[in-house]
Number of protein chains: 2
Amino acid sequence: MAQKVKLSTIAERLGLSTATVSLALRDSPLVAEVTRERIKEEARTSGYIYNRRAASLRTSKSGIVGVCVHDIMNPFYGEILKAIEDELDRHRQTFVLCNHYDDLSKQRSFLDTMLQLGADGLIMSPAIGTPASDIRLAEDNDLPVALIARTVEGSGVASFRGDDAYGMSLVVRHLIAEGHRAVALVGGTDQTSTGRDRAQGYRDALAEAGIAFRPEWWIRGARSRHQGFDAAAEFLALPDRPSAVVCFSDLVALGLMYGLSRAGVRPGVDIAVCGYDDIDEAAIAMPPLTTVANGQSEVGHRAAGALLARLSGAPAAEELVLIRPELRVRQSSLLDFGIVNPSP
Amino acid sequence: MAQKVKLSTIAERLGLSTATVSLALRDSPLVAEVTRERIKEEARTSGYIYNRRAASLRTSKSGIVGVCVHDIMNPFYGEILKAIEDELDRHRQTFVLCNHYDDLSKQRSFLDTMLQLGADGLIMSPAIGTPASDIRLAEDNDLPVALIARTVEGSGVASFRGDDAYGMSLVVRHLIAEGHRAVALVGGTDQTSTGRDRAQGYRDALAEAGIAFRPEWWIRGARSRHQGFDAAAEFLALPDRPSAVVCFSDLVALGLMYGLSRAGVRPGVDIAVCGYDDIDEAAIAMPPLTTVANGQSEVGHRAAGALLARLSGAPAAEELVLIRPELRVRQSSLLDFGIVNPSP
DNA sequence: CTGAAAGCGCTTACAG
DNA sequence: CTGAAAGCGCTTACAG
């Protein structure tokens with residue numbers, strides 16, 4: 001390639017100083033209109049590339065926001081990420097994405113990278129077991145953090161998520177209202193706040209109806225479609241098989257429905273199945289899936305919005321923002337659903 | 001926060017020069033073992049954060065590799081990205097991800113950002129209509145590019161993808177062998193190399209069997225699960241409804257199967273359906289989906305590997321690396337599949 | 001084995 | 001309205 005064009009190249013060619021060129025390229029009114037145009041024209045034709053590292057070294061603003069979640073491929077995060085992306089794009093911030101797969105050292109190394117790159121902010125759904133000190137490390141080094149979906153006790157930073165306990169209680173109440181007394185819970189774990197809160201909502205709704213919680217009715221662990229599929233066997237082996245299941249997430253529910261169908265048990269006919277999150281697929285699934293709309297898009301927008309506000313100087317606020325979820329009833333939980341009937 | 005610790009802080013405290021500290025932190029054998037340990041200890045206890053912008057400005061290596069695809073939420077890209085992530089992690093490169101959603105200006109602005117940040121390399125699945133000049137711009141500014149999944153004519157850079165024409169011909173031949181003469185193609189577009197190649201494989205296999213291509217049998221456009229679902233209505237409205245369908249992707253096939261089931265047409269019983277990509281879900285779907293394993297993981301590994309090799313000084317090679325796909329036959333294409341029989 | 005000095009490409013007071 | 005100069009925090013020849 002040819003000799004690299006930099007600010008000083010343009011300045012020399014035009015007989016100006018780098019200060020003037022720098023100001024002009026950023027549209028400063030300090031530079032006369034004509035001069036500004038000449039400079040921009042030269043920058044354009046010479047193929048000048050702005051060196052953000054140099055600028056960032058000087059200004060200690062990088063224009064980078066890091067985003068770290070369990071798994072970007074999970075549609076639950078997908079919708080949050082779209083909202084964040086949208087918000088950051090509008091503010092011309094670059095979006096650096098990372099999966100931590102609940103591996104603390106992977107998350108920590110991402111955090112270190114962000115510190116080293118001088119990122120302006122961080123949005124994260126913290127990995128299981130994230131110590132508050134990791135969050136403090138970022139905050140103490142001028143890297144403001146906003147949490148999504150999960151909370152870290154004692155971190156002292158704002159956190160944005162759906163009201164999982166309330167949302168889960170909505171589904172379970174719905175099933176009870178449909179006449180079910182035996183309702184299983186499939187998936188989730190005690191190790192995340194999401195898992196704990198959703199399980200709590202499940203227990204609360206049972207208790208409210210005077211139904212005793214039975215530990216064997218919670219089949220733990222599943223968080224992916226595949227794990228939901230695998231959980232079907234375990235569910236079907238339960239001694240008094242419940243007539244309804246609520247799942248930790250839509251993904252788990254969709255996998256479970258595949259597993260049940262394969263075993264000859266028809267979701268929406270022989271058994272009521274509900275999910276959680278209301279991902280796009282829920283409405284077109286077969287049968288269409290009853291679930292809880294979890295406000296992912298709002299979570300993303302508000303978290304990004306709050307972070308951007310802090311970047312523009314707003315004070316940090318420790319707050320827990322709970323988005324109110326809504327029940328979406330579809331055929332998977334209504335056992336009279338007239339599913340089309342294949343005969344063998 | 002306290003005063004920021006930098007190289008010179010450590011140097012002062014220890015009565016050494018910044019040169020020695022810099023070398024020690026990067027494990028240079030030029031620095032005596034004891035000195036090195038003292039320096040590292042001090043860095044650790046003082047909470048020193050390495051400033052990569054400064055280093056990068058000096059060395060013009062950033063440790064960043066940009067990755068830009070149509071949509072990271074699509075499991076097809078998901079598997080490629082996992083492989084790339086894996087490869088880059090091993091080489092301690094930071095992974096900056098971006099969706100372009102086939103929007104050229106979004107892709108271009110990502111490219112500009114990577115140039116400005118001094119990224120070391122770029123892996124992209126180019127947006128529809130990407131001009132070769134965009135790729136040249138990167139290459140001419142010391143930003144090596146590797147293409148995945150799609151090709152850009154005249155770009156002169158290496159490209160890694162499955163052999164889509166061959167793979168699609170495998171599925172169609174399979175359906176013909178199963179006795180089908182009327183096979184529809186659902187989804188894809190003429191605008192991507194992937195779409196063109198898969199459509200070509202479809203035509204080739206028909207021609208080979210002496211079956212004339214009928215334009216109305218290609219229902220174009222669908223590339224997502226939802227679009228596949230929507231395409232079901234269009235397919236069912238065809239005058240002489242074909243007895244089999246191949247889809248542009250598994251996602252389209254899975255959506256189509258939802259749509260067909262809802263209309264009372266049973267995939268794997270009343271109609272044969274095939275996908276393409278062999279994503280995780282294909283094997284557990286109901287019915288399990290016949291598809292083509294497309295080597296996504298190999299595509300990712302090889303593309304990242306080739307890029308990393310260039311970063312370590314290997315010469316650029318314009319080459320097209322075609323991964324050989326494999327047919328995976330499952331029940332969705334075998335009409336005698338004993339699907340469990342819900343009655344209303 | 002260690003140090004003094006220059007320089008990566010910007011921006012920012014400060015002068016004029 | 002424009003310029004000269006310092007400095008962001010590193011690394012890299014070059015000396016010793």
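The values are calculated or read from the model by the stated rules, or taken from the named source; none is laboratory data. Since we're looking at a predicted model, the values are computed, not measured. Here the Cβ positions follow ideal geometry from the backbone for every residue, glycine too, while neighbour counts run over all protein chains shown. Heavy atoms of the whole protein, side chains included, go into the accessibility calculation; ligands, DNA and RNA do not. Shrake-Rupley method; radii C 1.70, N 1.55, O 1.52, S 1.80 Å.
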Report summary line: In whole Hz, the Karplus estimates of ³J(HN,Hα) for region B:44-55 (6.51, -1.76, 1.60; θ = phi - 60°; x where Gly or Pro) are 5, 6, 8, x, 4, 10, 4, 9, 5, 5, 5, 4
Query raised in the report: Taking A:Lys6 as the anchor, which lysines have their alpha carbon closer than 24 Å to its alpha carbon, excluding any fewer than eight residues away along the same chain?
Result: A:Lys40, A:Lys61, B:Lys61
Report task. Using a 1.4 angstrom probe on the protein heavy atoms only, line up B:Thr151, A:Thr194, B:Thr18 by accessible area, largest first. Result -> B:Thr18, B:Thr151, A:Thr194
Requested in this report: Provide, in order from the shortest bin, the percent of all Cα-Cα pairs of region A:99-156 in each 10 Å bin, continuing until the bin that contains the maximum pair distance.
Outcome: 25, 63, 12
Query raised in the report: Which residue, B:Arg198, B:Arg92, B:Arg150, has the most motion in a Gaussian network model of chain B that connects Cα atoms within less than 10 Å?
Result: B:Arg92
Report summary line: The helix A:225-236 Cα axis meets the longest alpha-carbon principal axis of chain A at an angle in degrees, between 0 and 90 and rounded to 10, of 10 degrees
Report task. Normalise the Debye intensity by I(0) for region B:1-92, one equal point scatterer per Cα, no solvent, then take log10 at q = 0.10, 0.18, 0.20, 0.25 Å⁻¹ and round to two decimals. Result -> -0.43, -0.86, -0.96, -1.25
Requested in this report: Using R₀ = 22 Å, calculate the FRET efficiency as 1/(1 + (r/R₀)^6) where r is the Cβ-Cβ separation of B:Glu216 and B:Gln191; round to 0.05.
Outcome: 0.65
Query raised in the report: If you average over every viewing direction, what projected area does the convex hull of the Cα atoms of region B:7-50 give, in nm²?
Result: 2.6 nm²
**Report entry** Additional length obtainable on full extension of the chain from A:Arg38 to A:His91, 0.36 nm per residue less Cα span
**Finding:** 16.3 nm
Query raised in the report: How large, in Å, is the protein assembly as shown by the Kirkwood hydrodynamic radius built from its alpha-carbon pairs?
Result: 27.6 Å
Query raised in the report: Which order do A:Tyr50, A:Tyr276 take when ranked by solvent-accessible area (1.4 Å probe, heavy atoms of all protein chains), largest first?
Result: A:Tyr50, A:Tyr276
**Report entry** Peptide-level mean, for B:111-117, of C-beta atoms on other protein chains within 10 Å
**Finding:** 5
Query raised in the report: What are the principal axis extents of the Cα atoms in region B:132-235, in Å, biggest first?
Result: 54, 30, 19
**Report entry** Label-point gap, in nm, between B:Ala182 and B:Leu14 - each point 7 angstrom along Cα→Cβ
**Finding:** 7.9 nm
Query - Length-normalised contact order of chain A in % [C-alpha pairs under 8 Å, at least 6 apart] - result: 16 percent
Query - Between helix A:250-262 and chain A: long-axis angle, C-alpha atoms, 0 to 90°, nearest 10 - result: 40 degrees
Query raised in the report: What part of the accessible area of the protein assembly as shown, given as a whole %, is carbon or sulfur when the probe is 1.4 angstrom?
Result: 49 percent
Query raised in the report: How big is region B:235-344 in terms of Cα radius of gyration and Dmax, in angstroms?
Result: 18.8, 67
Requested in this report: Quick one: work out the % antiparallel among DSSP beta bridges in chain A, nearest 5.
Outcome: 10 percent
Query - Distance-filtered residues of region B:148-171 - backbone nitrogen under 13 Å, label point 7 angstrom along B:Ala132 Cα→Cβ - result: B:152-158
Query raised in the report: Taking only the alpha-carbon atoms of region A:1-157, what semi-axes of the equivalent ellipsoid follow from 5 times the gyration tensor eigenvalues under a square root, in whole Å, largest first?
Result: 40, 16, 14
Query raised in the report: Thinking of chain B as a set of Cα atoms, what percent of all their pairs are more than 25 Å apart?
Result: 59 percent
Report summary line: Heavy-atom accessible area of A:Glu298, protein chains in place, probe 1.4 angstrom, given in Å² to nearest 10, is 80 Å²
Report summary line: Taking chain B and counting helices only, DSSP H stretches of n ≥ 4 at -39,500 (n - 2.57) each over all residues, the nearest-500 ellipticity at 222 nm comes to -13500 deg cm²/dmol
Requested in this report: Using only Cα atoms, locate the centre of region A:231-250 and the centre of region A:86-160, then give the distance between them in Å, rounded to an integer.
Outcome: 35 Å
Query - Förster-model FRET efficiency, 45 Å R0, B:Asp27 and B:Leu334, C-beta, rounded to 0.05 - result: 0.15
Report task. Could you rank B:Ser17, A:Ser249, B:Ser22 by how accessible they are, 1.4 Å probe, largest area first? Result -> B:Ser17, B:Ser22, A:Ser249
Report task. Provide an ascending nm list, one decimal, of label-point separations from B:Asp86 to the equivalent residue in each further copy; define each label point as 7 Å from Cα along Cα→Cβ. Result -> 3.4
Report task. Averaging sequence separations of C-alpha pairs under 8 Å and six or more residues apart, then dividing by the length of region B:1-90, give the relative contact order as a whole percent. Result -> 21 percent
Query raised in the report: Quick one: helix B:164-177 against the long Cα principal axis of chain B, what's the angle to the nearest 10°, folded into 0 to 90?
Result: 30 degrees
Query raised in the report: In Å², rounded to the nearest 100, what is the total accessible surface buried by chains A and B against each other with a 1.4 Å probe?
Result: 5500 Å²
